[in-house]
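J.: Dropping the structure in here first, questions after.
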Amino acid sequence: MKLSSVFGGLFLLLALYCGVDPLKHSAISDFPDFEAHKIDMPHWSLVPPDRDNQNLLQKSEIKFLNQVQGPESVAFDPQGRGPYAGVADGRVLFWNGEAWTDFAYTSPHRSEICDPKPSPMSYLKNEHICGRPLGLRFDKKTGDLYIADAYFGLLKVGPEGGLATPLTTEAQGEPLGFTNDLDVDEQGNVYFTDSSTKYQRRNFLQLVFSADDSGRVLKYNPTTKETTVLERNLQFPNGLSLSRDGSFFVFCEGAKGRLLKFWLKGEKAGTSEVFAVLPGFPDNVRTNDKGEFWVAIHCRRSMYTYFCALFPRIRKFILKLPISAKIQFLLHIGGWPHGIIVKYSPEGKLLQILEDSTGKVVKAISEVEEKDGKLWMGSVLMPFIAVYNIA
């Protein structure tokens, strides 16, 4: 028998296995309607080649280890107190200078199933019951805290904390599926992202693998209490942050690895354009006092992810192999969790890049908040907050 015939037969058996998935060991075995979408990735020539060869983020201080589980977003109130952090068990915690205390929560259905567990991922099964606060923003005028909860939509809680009040759970007749991040303008309008109407956050790995294009950017008007869709058909929209002058906001489109600018004022109001192509796949973005934008990057782009993005049928074939979702995710991020943050000017020019390419100290960064010469870095997957001194 010819060697080519043997390989041909083995390939047919592999194709048959992937088509049937008899052992249900694949990353998408529980998702019979899974569809892999093509991602029109920015060309490699547009990706910034810059690297932090000194791995400066390895000089970060790890704070509150195992005291906060999965602090996706880090915020400080109008008086500068904090940080506040939304954690994996559904609470928003407040650091009072000596200890973490409960400040707010998003779910009215909390019970013992929301009690502390050993890791952020341990809560995934019950997130839809306990709540999962992601983006946090304070209204500088009122002191109210706005919360984007992945399951309970857009909420608000007063300066005294407690159970947050839902503001909206749908937009133009379609329910929110994965509320993710937000920002608030001077008039109290809230701009926020809905990462997917098909996949909930507890299935975020499948959303990453699929590149589902049902994501939206929305606006909540506190006067009319109406929620309108500003942008739709997005592939994993995530972080969002207003410019310092309020003329536009930028938001991350995770699957494509880029920042988009949405104009709120001027001749281009109501339109969007590419603001920056990123070196990897982003999470949140935050504006500093100079009007610059810090972007948290979950992982660098690789040739593997670029190839899989352009060829969804091959991506789906790989996902149907008897390889766990965790291993598939590690392939997606280059083999190991690592940390990258980048800073852009208000015009979209890359100003600085900091990283820990080996994940020795900092990894899986979700957000960067600059305050008093320090960068506070949250992580949806890690049990700590990292702080880097830039003063």
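J.: Could you tell me which of the residues D40, D77 is outside any helix (DSSP H, G or I), within 21 Å of the chain's Cα centre (by Cα) and touching a residue at least 24 places away in the same chain (Cβ under 8 Å)? Can you show your working first?
T.: Working: D77 fails: within 21 Å of the chain's Cα centre (by Cα).
One residue alone meets the criteria, D40.
Yes/no per residue for (1) touching a helix residue (DSSP H, G or I) at 6+ places or on another chain (Cβ under 7 Å); (2) within 24 Å of R137 (Cα to Cα); (3) of a type outside the set (S, T, N, Q):
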site	(1), (2), (3)
T197	no, yes, no
F209	yes, no, yes
D212	no, no, yes
K225	no, yes, yes
V229	no, yes, yes
N233	no, no, no
R244	no, yes, yes
F248	no, yes, yes
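J.: Further question on the same structure: Do you know which of the residues in segment 228-250 that are out of contact with any Asp or Glu (no Cβ under 8 Å at 6 or more places or on another chain) and hydroxyl-bearing (S, T, Y) is surrounded by the most Cβ atoms within 10 Å (Cβ to Cβ)?
T.: So the residue we want is S243.
J.: Taking N238, is it out of contact with any Lys or Arg (no Cβ under 8 Å at 6 or more places or on another chain), more than 13 Å from A148 (Cα to Cα) and not in a loop (DSSP other than H, G, I, E, B)? Give the derivation first.
T.: Details: out of contact with any Lys or Arg (no Cβ under 8 Å at 6 or more places or on another chain): yes; more than 13 Å from A148 (Cα to Cα): no; not in a loop (DSSP other than H, G, I, E, B): yes.
Here the answer is no, as N238 does not meet what is asked.
J.: Let me ask something else about it. Can you tell me which condition S122 does not meet? The list is (1) of a type in the set (G, A, S); (2) under 29 Å from T223 (Cβ atoms); (3) modelled with pLDDT under 95, and all the others hold.
T.: The single condition S122 does not satisfy is (2).
J.: Only one of F251, F281, F262 is more than 14 Å from the chain's Cα centre (by Cα) and part of a strand (DSSP E or B). Can you tell me which? Step through it out loud before you land on a result.
T.: Working: F251 fails: more than 14 Å from the chain's Cα centre (by Cα); F281 fails: more than 14 Å from the chain's Cα centre (by Cα).
When all the criteria are applied, what remains is F262.
J.: For segment 153-183, name all the residues that are surrounded by fewer than 23 Cβ atoms within 10 Å (Cβ to Cβ) and of a type in the set (A, V, I, L, M, F, W, C).
T.: Hits for segment 153-183 are V157, L163, L167.
J.: Still on this structure, I have one more. Is it true that V157 is within 25 Å of R286 (Cβ to Cβ) and in contact with a Leu (Cβ under 6 Å, 6 or more places away or on another chain)?
T.: Numbers: within 25 Å of R286 (Cβ to Cβ): yes; in contact with a Leu (Cβ under 6 Å, 6 or more places away or on another chain): yes.
Considered against the rule, which asks whether it is within 25 Å of R286 (Cβ to Cβ) and in contact with a Leu (Cβ under 6 Å, 6 or more places away or on another chain), V157 comes out as yes.
J.: With S379, S366 as the choices, which residue is of a type in the set (S, T, Y), buried (at least 20 other Cβ atoms within 10 Å of the Cβ), in contact with an Asp or Glu (Cβ under 6 Å, 6 or more places away or on another chain) and modelled with pLDDT of 95 or more? Break it down stepwise before answering.
T.: Values: S379 fails: in contact with an Asp or Glu (Cβ under 6 Å, 6 or more places away or on another chain).
Just a single option satisfies the conditions, and that option is S366.
J.: Can you pull out every residue in segment 306-327 that is buried (at least 16 other Cβ atoms within 10 Å of the Cβ) and either charged (D, E, K, R) or in contact with a strand residue (DSSP E or B) (Cβ under 8 Å, 6 or more places away or on another chain) (or both)?
T.: Answer for segment 306-327, where residues must be buried (at least 16 other Cβ atoms within 10 Å of the Cβ) and either charged (D, E, K, R) or in contact with a strand residue (DSSP E or B) (Cβ under 8 Å, 6 or more places away or on another chain) (or both): R315, K316, K320.
Yes/no per residue for (1) more than 28 Å from R244 (Cα to Cα); (2) of a type in the set (K, R); (3) modelled with pLDDT of 95 or more:
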{"position": "G131", "(1), (2), (3)": "yes, no, yes"}
{"position": "D149", "(1), (2), (3)": "no, no, yes"}
{"position": "K156", "(1), (2), (3)": "no, yes, yes"}
{"position": "P166", "(1), (2), (3)": "no, no, yes"}
{"position": "F192", "(1), (2), (3)": "no, no, yes"}
{"position": "S195", "(1), (2), (3)": "no, no, yes"}
{"position": "L205", "(1), (2), (3)": "yes, no, no"}
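J.: Quickly run through segment 154-165 and pick out the residues that are in a loop (DSSP other than H, G, I, E, B) and either touching a residue at least 60 places away in the same chain (Cβ under 8 Å) or in contact with a Lys or Arg (Cβ under 9 Å, 6 or more places away or on another chain) (or both).
T.: Step one: filter segment 154-165 for residues in a loop (DSSP other than H, G, I, E, B), giving 158-161, 164.
Correct list: P159, G161, A164.
J.: Of all residues in segment 100-153 being over 18 Å from I385 (Cβ atoms), of a type in the set (S, T, Y) and assigned to a strand (DSSP E or B), which is nearest to the chain's Cα centre (by Cα)?
T.: By that ranking, first place goes to Y146.
The values are calculated or read from the model by the stated rules, or taken from the named source; none is laboratory data. These figures come from a predicted structure and were not determined experimentally. Using ideal geometry, Cβ is built from the backbone for each residue, glycine included, and neighbour counts are taken over all protein chains shown.
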